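First comes the structure, then the notes that go with it.
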2 protein chains.
Amino acid sequence: MADLPFVAPPARAGDRLDTIDTPALVLDLDACDANVAALHAQATAAGLAVRAHGKAHRCPELALRQLAAGAQGICVQKVGEAEGFAAAGVRDILVSNEVVAEAKLARLAALAARSGMRIAVCVDDPEPVDRLAAACAAQGARVDVMIEIDVGQGRCGVEQPEQALAIAARIAAAAPALRLRGLQAYHGSAQHYRGPGERADAIADAASKARRFRAALETAGHEIAEISGGGTGSFPNEAGAGVWTEIQAGSYALMDLDYRANDADPRAPKLRQALGVMATVISRRASHAVLDAGLKAFAVDSGLPAMRDPLWRVRGLSDEHAVVEPLEGAAALALDQRVMLDPGHCDPTVNLHDWIVAYRGERVEAVWPVLPRGASR
Amino acid sequence: MADLPFVAPPARAGDRLDTIDTPALVLDLDACDANVAALHAQATAAGLAVRAHGKAHRCPELALRQLAAGAQGICVQKVGEAEGFAAAGVRDILVSNEVVAEAKLARLAALAARSGMRIAVCVDDPEPVDRLAAACAAQGARVDVMIEIDVGQGRCGVEQPEQALAIAARIAAAAPALRLRGLQAYHGSAQHYRGPGERADAIADAASKARRFRAALETAGHEIAEISGGGTGSFPNEAGAGVWTEIQAGSYALMDLDYRANDADPRAPKLRQALGVMATVISRRASHAVLDAGLKAFAVDSGLPAMRDPLWRVRGLSDEHAVVEPLEGAAALALDQRVMLDPGHCDPTVNLHDWIVAYRGERVEAVWPVLPRGASR
């Protein structure tokens, strides 16, 4: 089978930012460090651990920085991501998602069998529990299990405590290959409710659901050591609820237009736009300019990117182009000029790039690989 | 600098299709071969060459098949794509886009300097012409130039013949490093006009613009050997116009929901859905099922993907999930079941995957690498 071809990174440490090759995903390290410090401090003050979500950046170097800044571990959505982060030295990983295929469960067990690893996965159905237990037994591994409960998103997760009890009984029967660690109680859609009151209401409801499930499981003799959930949009609510033990924020380190469109929660730290995409002007007219970054540089599920210069507006994207138009008073763009844009949604935008160009001020400090696209498996 | 991490491909030749790891990009080779044969036959019958657009699939193996099926060369949007295809043995490549950065022009010249290469690029501004000529002179290379004219898309391209004449004069002055090959006359938005009459009107207008530019340039003594344009949505119009010499179709080999939403042109061959994404059911309820493929497996700029089973509807995607719901009469989905989906837009969907799993019937025939994400540079 042919090897994957290689393309050189867009920059090297020490390069001036305005000389890098484009399109390039760039990260303002001062902003990123400030975001990480601010959220971690607030979580710690509230007595919660941070489990930084690696799906947002898929960047092992950035995960190691979050761990160095006090995160107790990371979470990911896929076994491939877990493998990628583990290869870089991350030891405490929760796959905050359901894994059901036999080959993937075997890979997860193999990861958990490595010395010093603390691996957990979510379950919302009794069926895969026995397969996971068999995979662990075959490899002498133990995987912790979080029972996912649907706290309002309507996606994965059990709906009734009876289902959780049935799953917990299967997990208990599979000891020591499996161990029930606790509950996954993440309300993904609430992250993007615009009003802080709406977010507070949704998380209050999620908290009462989580309490009800915890009580049912504890009454049946199961220990619930951890309740995990919360994210960049809602975490002040989870932090104050007295139910969650750890926060799964991810976007906070990067930020995007969608999170910035949320009305601010006065209890939340102000997070800075750390992630950007650098592009180059390749064509220009009086009416518009064309950039060399399009749908293969920006995810548009949460809307178009925005020019960081507020006097230029993104009119539209095609595969490899952005058409941008000047507003009243805009400075003209020159051919070959570099411009910065903010992405609509950080997670799938990072996933369009092989490298994160990390910079401070006007200089590139480091160039970090992003996990390959196959990490979705 | 760290290496890019590696993730194993989702399948191997000989695997049964319903055992491959997911999410996986899959290609029905019977459908793909039929599409390639049908469009190439129609172009040949009309006296036009096919310049298959590599941006659609970014897959060198597939480009080689298109060349074996009679394409005279390929086009791409980026120098990084040109390098990737050239490494696999493609010798005739048009970068159907503007390239202005000095480092990129040097890479393009280096490609053109290799033995046996026939390289062209688009220009819509006099300014980069001298930089391109200098890069070619420095490397003993010749690059052909296509002057891009705006035939209705309103993106790149010159608007007036006077601009084309100024560019042509600069190109002529840079001989032998540069040579004017002809005109890039591509109407991208017309590909997606739903009615065949709308598409015919747009391309008739594009043809008259192209004729006007050709006449002005020929009157001034410039030879216009090639006029390139057309695509999967509009090519019967370009084929019949007597202006274009080659067709830049790309999506025809793969197909997607957006092209299928066009009302059929009775002159066009019926193209089959060759591209798909295979996903696995990871959670299920009476109301819905959840798949392991989301925004990192499907581009949604042209709408959500569709379940190939018409009795299931995609309700929404998040980063790593699709929520699908049954319509009246739908067969239940089992946990761990594989399901196939059709992408909304093929080009940026392919770009989310490292490998194309090429299959016939129920067996994997080959697994082909896709150019890395950095090919956008």
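The values are calculated or read from the model by the stated rules, or taken from the named source; none is laboratory data. For clarity, every value in this text was computed on a predicted model and none was experimentally measured. Cβ atoms come from the backbone with ideal geometry, glycine included; neighbour counts cover every protein chain shown.
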Single residue of segment A:277-289 satisfying the filter (in contact (Cβ under 8 Å) with a residue 60 or more places away in the chain and β-branched (Val, Ile, Thr)) that is nearest to A:ALA334 (Cα to Cα):
A:THR280
From B:LEU275, B:LEU341, B:LEU327, which residue is more than 12 Å from chain A (Cβ to nearest Cβ), aliphatic (A, V, I, L, M), surrounded by fewer than 20 Cβ atoms within 10 Å (Cβ to Cβ) and in contact with a strand residue (DSSP E or B) (Cβ under 8 Å, 6 or more places away or on another chain)?
B:LEU327
With the condition kept exactly as written, say whether any residue in segment A:134-144 is within 23 Å of A:GLY54 (Cα to Cα) and within 14 Å of chain B (Cβ to nearest Cβ).
no
Restricting attention to segment B:252-272, which residues are within 13 Å of B:HIS40 (Cα to Cα) and surrounded by 24 or more Cβ atoms within 10 Å (Cβ to Cβ)?
B:TYR252, B:ALA253
Consider A:VAL151 carefully, then state whether it is closer than 30 Å to A:SER302 by Cα, modelled with pLDDT of 95 or more and not in a helix (DSSP H, G or I).
yes
Would you be able to tell me the number of residues in segment B:344-367 that are under 22 Å from A:PHE298 (Cα atoms) and facing another protein chain (nearest Cβ under 8 Å)?
8
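Of the residues that sit in segment B:202-219 and are of a type outside the set (A, V, I, L, M, F, W, C) and loosely packed, with under 15 Cβ neighbours inside 10 Å, which one is farthest from B:GLN153 (Cα to Cα)?
Restricting to residues being of a type outside the set (A, V, I, L, M, F, W, C) and loosely packed, with under 15 Cβ neighbours inside 10 Å, the top hit is B:THR219.
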Single residue of B:ALA166, B:ALA190, B:ALA206 found to be over 22 Å from the mean Cα position of the chain (by Cα) and among the hydrophobic types (A, V, I, L, M, F, W, C)
B:ALA166
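For segment A:46-54, does any single residue satisfy the condition of being outside the structural domain of A:ALA299 (by TED's automatic domain parsing) and assigned to a helix (DSSP H, G or I)?
No, there is no match, as no residue in segment A:46-54 is outside the structural domain of A:ALA299 (by TED's automatic domain parsing) and assigned to a helix (DSSP H, G or I).
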Please list, ordered by first then second residue, the pairs with beta carbon atoms under 6 Å, 6 or more apart or interchain, first in segment B:290-310 and away from every other protein chain (no Cβ under 11 Å) and more than 20 Å from B:HIS57 (Cα to Cα), second in a loop (DSSP other than H, G, I, E, B) and at pLDDT below 95.
none
Going by the structure shown, is A:ARG58 facing chain B (nearest Cβ under 10 Å) and either in contact with a Leu (Cβ under 8 Å, 6 or more places away or on another chain) or of a type in the set (Gly, Ala, Ser) (or both)?
yes
Please go through segment B:63-114 and pick out each residue that is within 11 Å of chain A (Cβ to nearest Cβ), over 13 Å from the mean Cα position of the chain (by Cα) and outside any helix (DSSP H, G or I).
B:ALA88, B:GLU98, B:VAL99, B:VAL100, B:ALA101
Against the definition (within 11 Å of chain B (Cβ to nearest Cβ), surrounded by fewer than 21 Cβ atoms within 10 Å (Cβ to Cβ), in contact with a strand residue (DSSP E or B) (Cβ under 9 Å, 6 or more places away or on another chain) and free of Cβ contacts under 8 Å to residues at least 60 places away in the same chain), how does A:LEU335 come out, yes or no?
yes
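So that you can scan it fast, the table gives a plain yes or no per residue for (1) over 21 Å from A:ALA241 (Cα atoms); (2) among the polar types (S, T, N, Q):
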{"residue": "A:ALA177", "(1), (2)": "yes, no"}
{"residue": "A:LEU180", "(1), (2)": "yes, no"}
{"residue": "A:ALA185", "(1), (2)": "no, no"}
{"residue": "A:GLN191", "(1), (2)": "no, yes"}
{"residue": "A:GLY195", "(1), (2)": "no, no"}
{"residue": "A:ALA200", "(1), (2)": "no, no"}
{"residue": "A:ALA207", "(1), (2)": "no, no"}
{"residue": "A:ARG211", "(1), (2)": "no, no"}
Name the pairs: first residue in segment A:126-149 and surrounded by fewer than 21 Cβ atoms within 10 Å (Cβ to Cβ), second residue among the acidic types (Asp, Glu), Cβ to Cβ under 7 Å, at least 6 apart or on different chains?
A:ARG131/A:GLU102
Residue within segment B:150-167 that is within 14 Å of chain A (Cβ to nearest Cβ), among the β-branched types (Val, Ile, Thr) and crowded, with 18+ Cβ neighbours inside 10 Å present
yes
Does A:ALA175 satisfy being within 30 Å of A:LEU67 (Cβ to Cβ) and without any contact (Cβ under 8 Å) to a residue 24 or more places away in the chain?
yes
